[in-house]
Amino acid sequence: LAITFTNKAANELKERIAAKISDGASDIWAGTFHSVCGKILRRYAERIGYSQHFTIYDTDDQRRVVKEILKQKEIDDRLFPPKSVLSAISKAKDELKTPAELKAEANDLRHQTIAELYRIYQKRLADADAMDFDDMIVKTVELLSNNDDVLEYYSDKFRYVMVDEYQDTNYAQYRLVRLFASK
């Protein structure tokens, strides 16, 4: 398994692998964190409460959902700009924190509100059979952590794991790589 952060780098990895190894190149997975996770999640989505045809929300979709939630909750988007709310949610996901965990550590009204917005946001995504890009990593970590057979399959399959620019991984990506390399 070779993982990188951008599609451009992933395509370059694939080209280099194919040039060096003609036989067996198809056995090597090379892609971005999100493409690798997407491939796994499409196969096992039902184990984590999604269909195999789940939707991946882009930034515009995410912003639309947050704006709808703010409007529904009658929260002024000047006090809680959607971009800031999404940034806080993304940071929590990068740290593998659930809405409940974020709420438990909230020490003021602003952080409590963001935790509640995160909870509602996740419910909206789940109800729509959708994930955002952060969820793709979080849900793959969840899948591998809670399904020993799936973890065993991929930790056997990926005998070697290479991460391009490893120093740039966040906690969720680190946990994912650790799971892949668990054997």
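The values are calculated or read from the model by the stated rules, or taken from the named source; none is laboratory data. Keep in mind that what you see is a predicted model, and the values were worked out from it rather than measured. Virtual Cβ from ideal backbone geometry, glycine too; neighbours counted across all protein chains shown. Accessible surface areas use protein heavy atoms only, side chains included; no ligands, DNA or RNA. Shrake-Rupley method; radii C 1.70, N 1.55, O 1.52, S 1.80 Å.
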**OP:** Assess whether LEU117 counts as being open to solvent by less than 20 Å² (accessible area, probe 1.4 Å), farther than 28 Å from ALA30 by Cα and either outside any helix (DSSP H, G or I) or not charged (D, E, K, R) (or both).
**Re:** yes
Original post:
Taking region 142-164, which residues are surrounded by 20 or more Cβ atoms within 10 Å (Cβ to Cβ) and within 23 Å of ILE89 (Cα to Cα)?
Top reply: LEU143, LEU144
Original post:
Quick one: would you say GLN167 is out of contact with any strand residue (DSSP E or B) (no Cβ under 9 Å at 6 or more places or on another chain), modelled with pLDDT under 95 and either in a helix (DSSP H, G or I) or surrounded by fewer than 16 Cβ atoms within 10 Å (Cβ to Cβ) (or both)?
Top reply: yes
Original post:
Within the set of pairs 6 or more residues apart or between chains, which connect a residue that is farther than 11 Å from THR55 by Cβ inside region 120-140 to a residue that is modelled with pLDDT of 95 or more and hydroxyl-bearing (Ser, Thr, Tyr) with Cβ atoms less than 6 Å apart?
Top reply: ASP134/SER90
**OP:** Taking the options ASP134, ASP108, name whichever one is closer than 30 Å to GLU152 by Cβ and either surrounded by fewer than 18 Cβ atoms within 10 Å (Cβ to Cβ) or at pLDDT 95 or above (or both).
**Re:** ASP134
Original post:
What are the residues in region 83-96 that are open to solvent by 50 Å² or more (accessible area, probe 1.4 Å) and either free of Cβ contacts under 8 Å to residues at least 12 places away in the same chain or within 17 Å of ALA126 (Cα to Cα) (or both), if any?
Top reply: SER84, SER87, LYS91
**OP:** Determine if region 173-181 includes at least one residue that is closer than 19 Å to TYR44 by Cβ, in a helix (DSSP H, G or I) and open to solvent by 30 Å² or more (accessible area, probe 1.4 Å).
**Re:** yes
**OP:** Find the residue count for region 2-42, including only residues that are touching a Ser or Thr at 6+ places or on another chain (Cβ under 7 Å) and either free of Cβ contacts under 8 Å to residues at least 40 places away in the same chain or more than 19 Å from ASP164 (Cα to Cα) (or both).
**Re:** 6
Original post:
Hey, ALA128 hits all of (1) more than 16 Å from the chain's Cα centre (by Cα); (2) open to solvent by less than 50 Å² (accessible area, probe 1.4 Å); (3) over 14 Å from VAL65 (Cα atoms) but one; which does it fall short on?
Top reply: (3)
